[in-house]
Amino acid sequence: MRLEDIRRVAMIGAGTMGSGISMCFAQAGYEVALYSRSAEGIQRALNRVRHSQEVFIQEGLISRSEAEAARARIRGADSLADALRGVQYVLESVPENLALKQDLFREMESLCPPDTILATNTSGLSITAIASACRYPQRVGGMHWANPPEIVPLVEVIRGEQTSDETMDLIYGLSERLGKVPVRVQKDIPGFASNRLQYALLREALHLVQEGVVTVEDVDRTLKNGVGFRYPWLGPLETADLGGLDVFHTICQYLFKELSTMTKTPAFFDEIVQGGNYGIKTGRGFYDYTGKSREQILRKRDLYFLRQLKLLREVQEMD
Ligand SMILES: NC(=O)c1ccc[n+]([C@@H]2O[C@H](COP(=O)([O-])OP(=O)(O)OC[C@H]3O[C@@H](n4cnc5c(N)ncnc54)[C@H](O)[C@@H]3O)[C@@H](O)[C@H]2O)c1
């Protein structure tokens, strides 16, 4: 299989990620078969795509006619067999459950020729374990997107123990064709690279609040206006190079041993979650969202993100 041979793709799962990812494929010119078990699921996903495209249009990233043409490239499929007919690439994005994904991969493989690439958007399940359900595990690899997938550039391309170089190259090349920024993750370890970085930071954030060092609001304020302010432009290693490795190396000597190594979530976080507070989906999490709609909050987020994306692309072109 060559990259140019991939024209039609199947998106398995039409939730938060499946809808946004379908939009990316369609906007890059691919024909997408979007599989959901119900007609309502497909309709909901297409509505999400339409809403998201409105923000892209508003920000001048896409014209209305391009948006409509892209949507016309997405067709709903209510059976796996229908979704997989004639596709060269399959991306699975159903709930994070190993047995569910293994069953699906087993069934998908029985419906595809041996060279069809089968990728998974799992956040942290083992690619090797998912691929173990297949007779040809070399064509299975991770393609891990970040939410919202139609905006955030990163795609982690993850090698399972049996993933072939060809599969890695195809997932990587395809991600580039979608206008994404792929990263090769060469070992199938929990959390891959991006979630390990994200959760290392979350652990320290929770620790600081639990210990009463700073408030919830001030954790976020500290990060957004300090360390995080640099992150879209300079990663932690670039930051250290610019700051001076002698300084960073010295600080590591006394600070690493002070950082949180907790392996359980702290009590205050457990209480919030056990109280049924899940963030914007319930109206309360670390913050109170009473009186604000989920749509409003997400639209505002997407607007910020799209402006940042435009700036990032501008800077990348200057480099
Ligand atoms: N939400 C995120 O931030 C995020 C980020 C990166 C990766 N992921 C991963 O993406 C995957 C999907 O996450 P999501 O947030 O889109 O979840 P979601 O719950 O929004 O969507 C999952 C979809 O799969 C459908 N589904 C359930 N069982 C199915 C089956 N047997 N066959 C076909 N469809 C089925 C559900 O109806 C739903 O539409 C998970 O593996 C998750 O870990 C999520």
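Straight-distance candidates among the lysines for linking to Lys310, with alpha-carbon spacing under 20 Å and chain neighbours fewer than 8 residues away dropped: Lys180, Lys224, Lys300.
When a/c reaches 1.5 or more, the comparison of a/b and b/c decides; with that in mind, is the range 198-318 rounded, prolate or oblate per its Cα gyration tensor? All intermediate terms of the calculation are to be shown ahead of the outcome.
Values: a/c = 2.93, a/b = 1.14, b/c = 2.58.
Oblate, because a/c is 1.5 or more while a/b does not exceed b/c.
With respect to the chain, whose longest principal axis is taken over its alpha-carbon atoms, helix 16-27 is tilted by about 60°.
For the range 198-318, the relative contact order is 21 percent, taking Cα pairs closer than 8 Å that sit 6 or more residues apart in sequence and dividing their mean separation by the residue count.
Taking other residues whose beta carbon is less than 9 angstrom from the beta carbon of Val49, and scoring Lys, Arg as +1 and Asp, Glu as -1, yields +2. Write out the GluC sites (Glu not before Pro) in the range 86-184 meeting two conditions: DSSP loop, and at most 15 other Cβ atoms within 10 Å of their Cβ. For GluC sites (Glu not before Pro) across the range 86-184 that sit outside H, G, I, E and B with at most 15 neighbouring Cβ atoms in 10 Å, the list reads Glu96, Glu161. Per residue of the chain, the DSSP helices (runs of n ≥ 4 H) give a summed -39500 (n - 2.57) that works out to -15500 deg cm²/dmol at 222 nm.
Taking every C-alpha pair closer than 8 Å and separated by at least 6 residues, the mean separation divided by the residue count of the chain gives a relative contact order of 14 percent.
Using only alpha carbons, the range 140-274 has a radius of gyration to Kirkwood radius ratio (Rg to Rh) of 1.02. With the largest listed first and rounded to whole Å, the semi-axes of the equivalent ellipsoid of the chain from the Cα gyration tensor are 34, 24, 22. Since only Gly141, Leu174, Ala39 are under comparison, the one whose Cα sits farthest along the positive direction of the charge dipole of the range 3-185, derived from C-beta charges on Lys, Arg, Asp and Glu, is Ala39.
Highest-first packing order for the peptide set 310-319, 7-16 is 7-16, 310-319, based on the mean count of other beta carbon atoms within 10 Å. In straight-distance terms, cross-link reach from Lys264 covers every one of the aspartates and glutamates whose alpha-carbon lies under 19 Å from its own, apart from those fewer than eight places away in the same chain; here that gives Glu204, Glu211. Taking other Cβ atoms within 10 Å as a rough exposure proxy, Phe192, Phe248, Phe268 sort from fewest to most as Phe268, Phe248, Phe192. Its alpha carbons give the range 3-185 an Rg and a Dmax of 15.1, 46 Å. To the nearest ten degrees, helix 294-318 and the longest principal axis of the Cα atoms of the chain are 90 degrees apart. Give the angle, between 0 and 90 degrees and rounded to the nearest 10, that separates the Cα long axis of helix 39-58 from the longest principal axis of the Cα atoms of the chain. Around 60 degrees separate the two axes. When each of Cys24, Cys134 is scored by the number of other beta-carbon atoms lying within 10 Å, the sequence from fewest to most is Cys134, Cys24.
Throughout, read-outs are computed from the coordinates displayed, never taken from laboratory work. The structure displayed is predicted, hence computed values, not measured ones. No Cβ is skipped: glycine too gets one built from the backbone with ideal geometry, and neighbour counts run over all protein chains shown.
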